[in-house]
Amino acid sequence: MTVTTAVQKRSQAKQRPGDRIFEGATRTAGFVILVALAGVAIFLVAEGLPVIGADSSDLSGAGNFAAYVAPLLFGTLLAAVLAIVIATPLALGVALVISHYAPRRLAGPLGYVVDLLAAIPSVVYGLWGLAFLGPRLFPVYDWFAAHLGFIPLFAGPASATGRTILTAAIVLAIMILPIITAITREIFAQTPRLHEEAALALGATRWEMLRLAVFPYARSGIVSAVMLGLGRALGETMAVAMVLSASGVVSFNLISSTNPSTIAANIALGFPEATGLRVNALIATGLVLFVVTFAVNFAARSIVGRRDRRMA
């Protein structure tokens, strides 16, 4: 009897009924997720195909579906990228404070407060951005237009209501902040203590220890956290629909009242009154968002996997 055969028989002999039940349950859960994902994809494709031959009356005046979805896709990516740019440094800073800087008595409550941000409904964020944040950002936008108007991003005129793509991005950044913070905080805390102590023993400052020992170890986790936050920002609906004063154009001006819309917000606002092929057009835009989100998560998984293989 070979060694491999002996090990296989020993592992089979030690397998208990609970292990078999757990294995079957996990396999079933994975299969159900794949079936649900395939069902969503099939539905979106089947309902979106009729839009290919639709005329401009069913596409809000656009000549074809590509011209109809392009401004929406632009607004979706712009708002999500702005949110990631704003949220990532804040999330990493908060995670570092909780895991390495704050005293234990303060780190615990601070972590709970940050986690509670994820429990706030998106409609509450939308109301807060619409009624509180937007009007108070108008003086800032007006200053940008007056002093930085030569930059296309702040060309103005500033929106008097503050309902701009930048306001929507700030709200999205606050919404995805707890997701990125929670994941990176756990990754930072899992850094081997010996690595940190070795860096400090060699004379590194605390920041040098973080840069040389913690960040390299947590790099793949940071990428995963950022991509999860990006996926949340891409699919957010109600907060963006309530905050953004959208006009469906392609514009890089972040502070004016002429703003691009997002796919999710356009579906939420247009679906109740849509009929006929307009419903199919909205579903087809949902298919585009589905593909973009899938591509983002696939890219993140590829980056993380390549990093893990290199570390191994």
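Using only Cα atoms, find the angle between the long axis of helix 3-14 and the longest principal axis of the chain, and express it within 0 to 90 degrees, rounded to the nearest 10.
Roughly 70 degrees, rounded to the nearest 10.
Specify which residue in the list F150, L177, T28 is farthest towards the positive end of the charge dipole of the chain, using unit charges on the beta carbon of Lys, Arg (+1) and Asp, Glu (-1), about the Cα centre.
It is T28, whose Cα lies furthest towards the positive end.
Kindly state, to the nearest 0.05, the FRET efficiency for I42 paired with V124, given R0 = 35 Å and r defined as their beta-carbon distance.
Step by step, r from the Cβ atoms, then E = 0.55.
What FRET efficiency comes out for R136 versus R16 if R0 is 45 angstrom and r is the Cβ-Cβ distance? Round to the nearest 0.05.
Given R0 = 45 Å and the Cβ-Cβ separation, E is 0.15.
Angle check, please: helix 104-116 long axis (alpha carbons) against the longest principal axis of the chain (alpha carbons), in degrees 0 to 90, nearest 10.
50 degrees
At what distance in angstrom do the alpha carbon centres of the stretch 223-277 and the stretch 63-141 lie from each other?
That distance is 14 Å.
Build a GNM of the chain with springs between Cα atoms under 10 Å: which of R219, R104, R232 gets the top mean-square fluctuation?
R104
Once you order the gyration tensor axes a ≥ b ≥ c over the Cα atoms, which shape class does the chain get: rounded for a/c under 1.5, otherwise prolate or oblate by comparing a/b with b/c?
Oblate, because a/c is 1.5 or more while a/b does not exceed b/c.
Please identify, among M238, M209, M227, the residue showing maximal mean-square fluctuation in a Gaussian network model of the chain using a 10 angstrom Cα cutoff.
M209
Which angle between 0 and 90 degrees, to the nearest 10, do you get for helix 165-189 versus the longest principal axis of the chain when only C-alpha atoms count?
For helix 165-189, the angle is close to 0 degrees.
Please work out how much length the chain gains when fully extended from L116 to F294, using 0.36 nm per residue of separation minus the C-alpha to C-alpha distance, in nm with one decimal.
Net length gain for the segment: 61.4 nm.
Rounded to the nearest 500, what is the 222 nm mean residue ellipticity of the chain from helices alone, with -39500 (n - 2.57) per DSSP H run of 4+ residues and division by all residues?
The per-residue figure over the chain is -23500 deg cm²/dmol.
What residue among A218, A67, A83 shows peak mean-square fluctuation when the chain is described by a Gaussian network model with Cα springs under 10 Å?
The residue that fluctuates most here is A67.
Does the stretch 177-311 come out rounded, prolate or oblate by the C-alpha gyration tensor, with a ≥ b ≥ c the root eigenvalues, rounded set by a/c under 1.5 and, if not, prolate when a/b is larger than b/c and oblate if not?
prolate
Read-outs: derived from the displayed coordinates by stated rules, not from any lab. Please read these numbers as outputs of a predicted model, since none were measured by experiment. Don't worry about glycine lacking a Cβ; one is built from the backbone with ideal geometry, like all the others, and counts go over all protein chains shown.
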